[in-house]
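Trainee: So that we are looking at the same thing, I have put the structure below in structure tokens.
Just so it is clear, none of the values below were taken in a lab; they were calculated from the coordinates. Remember, predicted model here, so these are calculated numbers, not experimental data. All Cβ positions, glycine included, derive from the backbone under ideal geometry; neighbour counts span all protein chains shown.
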Amino acid sequence: MLKKKTSTGNGDYCCLDCGYKLFGKSDIVHSPNLGGQCNAIYLKFMPWIGFTRGNVSKIFCPNSRCNVVLGFTNQKGGKCHCGYFVDRMFVIYPPKVTNSIKQRAQQSNRLF
């Protein structure tokens, strides 16, 4: 079982459901822009995502008490809505994560 990790700063993104720290700003390859065309967060490979056998699979929160679907992987890669090509896609849905300290504080006791 994974232990709950806590945020180390404003650049951390956490699971909205349980508050588990997932990634930081430096792990983001491509993210939503102000123009609204991009609607997902594309990450570098993260160890907690795990390796997949198929081309496409779901990404789950690594907290065993939560296990919510956060996004998906596509080993073949693909294009963002804005046209940016991402090789080996690790896609996170923005509504599933937060980088707001206030939201994390409100969510931190839900599953623990």
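Trainee: From the backbone phi of region 65-74, what are the Karplus-calculated ³J(HN,Hα) couplings (6.51 cos²θ - 1.76 cosθ + 1.60, θ = phi - 60°) in whole Hz, Gly and Pro given as x?
Mentor: Residue by residue, region 65-74 yields 7, 10, 6, 6, 6, 9, x, 8, 10, 9 Hz.
Trainee: Order by neighbour count: Tyr93, Tyr20, fewest other Cβ atoms within 10 Å first, most last.
Mentor: Neighbour counts put them in this order, fewest first: Tyr93, Tyr20.
Trainee: Order of Met46, Met89 from fewest to most other C-beta atoms within 10 Å?
Mentor: Ordered from fewest to most neighbouring Cβ atoms within 10 Å, Met46, Met89 come out as Met46, Met89.
Trainee: Given region 27-96 reduced to its alpha-carbon atoms as identical point scatterers, what log10 I(q)/I(0) does the Debye formula return at q = 0.19 Å⁻¹?
Mentor: -0.73
Trainee: Within 10 Å of each residue's Cβ, count the other Cβ atoms and sort Arg65, Arg53 from fewest upward.
Mentor: Listed from fewest to most nearby Cβ atoms, that is Arg53, Arg65.
Trainee: Next up: Considering amide H positions built from the backbone, and no H for Pro or chain starts, which residues 5 or more places from Asn67, or on another chain, come under 5 Å of its amide H?
Mentor: Distant-sequence amide H within range of Asn67: Cys61.
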